[in-house]
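See below for the structure under consideration.
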Amino acid sequence: MIPKSSYPSDQKVLRVVSINVNGLRASVKKGLLDWLEQSEADVVCMQESRITHEQWNDHFKPAGWHTHLFPAERAGYAGTAIYSRIPFQNVRNGLDFELADSQGRFIAAEFDLGLEQPAYICSLYLPSGSSGEEAQARKDQFLTVYANILKQWRDENKSIIVCGDYNIVHKRIDIKNWSGNQKSSGCLPHERAWLDHIYDDLGYVDTFREVRKEAELYSWWSNRGQARAKNVGWRIDYHACSPDWKTRAINAWVYREQWFSDHAPVIIDYALDQ
């Protein structure tokens, strides 16, 4: 991750971070907020915040940041948050369907970035299907409904960056053990085809891959079997963007120097002054 000062002084750069924190309280104990202060991030999209509004006190709201939390109805579960150095013009909780909204799985924050139209930067936490058939069925239901919403946003020509834990790898390059996971949730053929659909048919862009083409750039590692030490990982955390962001992506990283959860921050710099 390079400092913003390495860019030309007249270049306006937006740094956006996505991270599944696997419990905001736990990640803060591991130094997340200290890292945010020196990361030069402008907008940070968090997933699996697992904290209620009552627990989310000033300790979790550092000075200089605009913060918004959308918790699940069930305490200690799911939830999303957005922290931003840039003021929100508006914030919307949810996607207007129960499976998403009762679990706090989506926030859309509207920003005035000086572009031709408002920009929406979102935090998404897609369900996992790994616990069994019922969980996979709920995940598949979510994907079906959400794909229709994504199409609507494209029909509206909305300028949008949807950061988040999608709980799906896209291609062979995105997972260490491709062959051994073909029947595992998160690597199922129909799930990967869903990502094909949003990228190839609907026109969204995996901006990380616009910048970084190489293999073994993962964002999640199992806690079992020294997966992290051996880099036996999955890339399941994305910035899925409307087409207007495609050429704006100028740098991308997976930050692995510190560990705040079982996911690593996915960081992308976007040029605002093209």
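The values are calculated or read from the model by the stated rules, or taken from the named source; none is laboratory data. Here the structure is a predicted model, which means the values were calculated and not measured. All Cβ positions, glycine included, derive from the backbone under ideal geometry; neighbour counts span all protein chains shown.
Quick notes on this structure:
- Just one residue in the set 165, 206, 174 is closer than 21 Å to residue 248 by Cα, modelled with pLDDT of 95 or more and acidic (Asp, Glu); that residue is 206.
- Whichever residue in the range 209-264 is assigned to a loop (DSSP other than H, G, I, E, B) and within 26 Å of residue 153 (Cβ to Cβ) and, among such residues, is nearest to the chain's Cα centre (by Cα): 236
- Within the range 21-40, the set of residues being part of a loop (DSSP other than H, G, I, E, B) and either free of Cβ contacts under 8 Å to residues at least 24 places away in the same chain or surrounded by 21 or more Cβ atoms within 10 Å (Cβ to Cβ) (or both) comprises just one member, 21.
- Failed condition for residue 232, given (1) farther than 24 Å from residue 37 by Cβ; (2) out of contact with any Gly (no Cβ under 8 Å at 6 or more places or on another chain); (3) among the aliphatic types (A, V, I, L, M); (4) surrounded by fewer than 20 Cβ atoms within 10 Å (Cβ to Cβ): (2)
- Residue in the range 125-135 that is within 17 Å of the chain's Cα centre (by Cα), in contact (Cβ under 8 Å) with a residue 40 or more places away in the chain, in a helix (DSSP H, G or I) and surrounded by 17 or more Cβ atoms within 10 Å (Cβ to Cβ) present: no
- Restricting attention to the range 238-261, the residues being under 23 Å from residue 175 (Cβ atoms) and surrounded by fewer than 17 Cβ atoms within 10 Å (Cβ to Cβ) number 3.
- Neighbours by Cβ (under 7 Å, 6+ apart or cross-chain): first from the range 142-157, at pLDDT 95 or above; second in a helix (DSSP H, G or I) and not hydroxyl-bearing (Ser, Thr, Tyr): 142/99; 142/100; 143/194; 147/194; 147/197; 147/198; 150/198
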